[in-house]
Amino acid sequence: MATPTVFSNSVIFNDSVSFSQAPSFPSASITDDSISGSANIAASKIIGHGYATYQFAAPTVEPAASTYQVIHISGAAGTIVGVQGVITGTIPSSTANTVKLNLYRSTAGSTFASVLSTPLAFDNASVLLVPQTATISISTMASGDVWAFTCTLTGTSTNARGFAAKLKFAEKYA
């Protein structure tokens, strides 16, 4: 092999550059700004980030005792990045009154199964308008997976008023 030419300073090429083999660039040396808007990058190299937000009840309304809501159908394989819930109106009156949020997945028509380590629980110690983040135990997503939130209330006195949840995901299209 010939001795490579080493450039000690910056090099500017005013025309195209060809390589006899794939170049190796230092990690993080090519940034978003380095790529032309007309680069025609294949969809298989793009990861789409998305959010699905569902409001179970308006800030002045108590959520239903048990609500099940399909919120997303995966368009491609990917990953669940985050799950959050938030009380938007009134905090429950005691620890006996809770709102629980869970995320379920069905793959290829299978029975829905929780993907969280434990459901998120909101009670009188929760803080209004401060989202809580769930711990995800199964984060893989297959094309065609069906995702659903459940919201369950316990207790008989004043419960939360206003409740919303958000799913954040990343899908990679082939």
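Results for (1) over 11 Å from ALA148 (Cα atoms); (2) among the polar types (S, T, N, Q); (3) surrounded by fewer than 19 Cβ atoms within 10 Å (Cβ to Cβ), shown as yes or no for each residue.
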| residue | (1), (2), (3) |
| --- | --- |
| ALA65 | yes, no, yes |
| TYR68 | no, no, yes |
| GLY82 | yes, no, yes |
| THR90 | yes, yes, yes |
| LEU101 | no, no, no |
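Restricting to the range 41-63, and then to whatever is among the aliphatic types (A, V, I, L, M) and free of Cβ contacts under 8 Å to residues at least 40 places away in the same chain, can you tell me which residue is surrounded by the fewest Cβ atoms within 10 Å (Cβ to Cβ)? Of everything passing the filter in the range 41-63, ALA42 is surrounded by the fewest Cβ atoms within 10 Å (Cβ to Cβ). For first residues located in the range 136-161 and at positive phi, partners that are of a type outside the set (S, T, N, Q) and lie 6+ apart or on another chain with Cβ distances below 8 Å form the pairs GLY144/ILE73; GLY144/ALA108; GLY155/PRO92; GLY155/ALA96. Against the test of being of a type in the set (A, V, I, L, M, F, W, C) and on the phi > 0 side of the Ramachandran plot, the options ALA22, ALA28 yield a single qualifying residue, ALA28.
How about the range 107-163: which of its residues are polar (S, T, N, Q), part of a strand (DSSP E or B), within 17 Å of THR67 (Cα to Cα) and in contact with a Leu (Cβ under 9 Å, 6 or more places away or on another chain)? Of everything in the range 107-163, those that are polar (S, T, N, Q), part of a strand (DSSP E or B), within 17 Å of THR67 (Cα to Cα) and in contact with a Leu (Cβ under 9 Å, 6 or more places away or on another chain) turn out to be SER114, THR150, THR152.
From the list VAL86, VAL99, VAL81, the one residue that fits, being modelled with pLDDT under 95, within 22 Å of ALA164 (Cβ to Cβ), of a type outside the set (S, T, N, Q) and not in a loop (DSSP other than H, G, I, E, B), is VAL99. Residues of the range 32-52 being over 29 Å from SER143 (Cα atoms) and in a loop (DSSP other than H, G, I, E, B), which ones? The answer is SER36, and nothing else.
Just a yes or no: is a residue in the range 130-148 more than 17 Å from the chain's Cα centre (by Cα) and either closer than 16 Å to GLY85 by Cβ or not small (Gly, Ala, Ser) (or both)?
Of the range 130-148, the ones more than 17 Å from the chain's Cα centre (by Cα) are 130.
From the residues that got through so far, the ones that are either closer than 16 Å to GLY85 by Cβ or not small (Gly, Ala, Ser) (or both) too are 130.
Yes: the range 130-148 contains one or more residues that are more than 17 Å from the chain's Cα centre (by Cα) and either closer than 16 Å to GLY85 by Cβ or not small (Gly, Ala, Ser) (or both).
The values are calculated or read from the model by the stated rules, or taken from the named source; none is laboratory data. Predicted model only: the values in this text are computed from it and were never measured. Virtual Cβ from ideal backbone geometry, glycine too; neighbours counted across all protein chains shown.
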